[in-house]
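Contents: one structure, followed by commentary.
What follows is calculated from the coordinates using simple rules that are stated; it is not laboratory data. No experiment lies behind these values; they were computed from the predicted model shown. With ideal geometry, Cβ positions are generated from the backbone for all residues, glycine too; neighbour counts draw on all protein chains shown.
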Amino acid sequence: MDIEKPVTELLTAWSSGDKDALNELVVLVYTELKRIARRAMAGERSSHTLDPTALVHEVYERLVPLRNMSWKGRGPFFALAARLMRNILVEYARASSAKKRGGEAERVTLSHPELQVGAPEVDLLDLHNALLELEIMDPTMVEIIHLRYFWGATEDEVAEALGLSRSSVQREWALAKRFLADRLTR
């Protein structure tokens, strides 16, 4: 079933003040949000206090106040959901690191076959900082990373979501991977 039209319609209704639209939207996209959450947590330790379901619920809580956003379809919505998941995991990593008073921070493995950066494990906070640095230089690359890596979107889906050509997405994705490889293997 193609959910693009209902998702876009619900996003529009939600941003126009329809309070029930977000609930309908979450029901419609819950499976996809849970898949994104599983992907985001794939490298987390098994004793993590969050599981994918709890992560989706945390994202929902953060989406509720954003009802006045102007949504341009499901791609930007899922990119934001992936970004929120990353931010939540970073917050948990910081809190855990603070508890350990300088102990080793959370470790995640970048296991996406297209995003191997030459190191078997990458510190979640280092990844977050690298993405913040990249966002200052090129926010589009960060959106591509969120869509490709965290959401798992295809190049065509990214191109459509961001209004870019497929070749631009391919070029930016390659540059983003090189940037991350440089920052995360120092």
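The string of couplings for region 13-19 from the Karplus curve (6.51, -1.76, 1.60, θ = phi - 60°) is 5, 4, 5, 8, x, 6, 5 Hz, one whole number per residue in order, with x for Gly and Pro. Subtracting the Cα-Cα distance of ARG178 and ILE136 from 0.36 nm times their residue separation leaves 13.5 nm of extension gain. Once both labels are positioned 7 Å from their Cα atoms along Cα-to-Cβ, the gap between GLN170 and ASP18 label points is 3.9 nm. Averaging the Cα positions of each part gives two centres, and for region 10-46 and region 121-146 these lie 22 Å apart. In summary, the convex hull built on the alpha carbon positions of region 15-78 has an orientation-averaged projected area of 4.6 nm².
Using the Cβ-Cβ distance between THR8 and LEU125 with R0 set to 35 Å, the FRET efficiency from 1/(1 + (r/R0)^6) comes to roughly 0.50. For the pair HIS57 and GLU91, a Förster radius of 25 Å applied to the C-beta separation gives a FRET efficiency near 0.95, rounded to the nearest 0.05.
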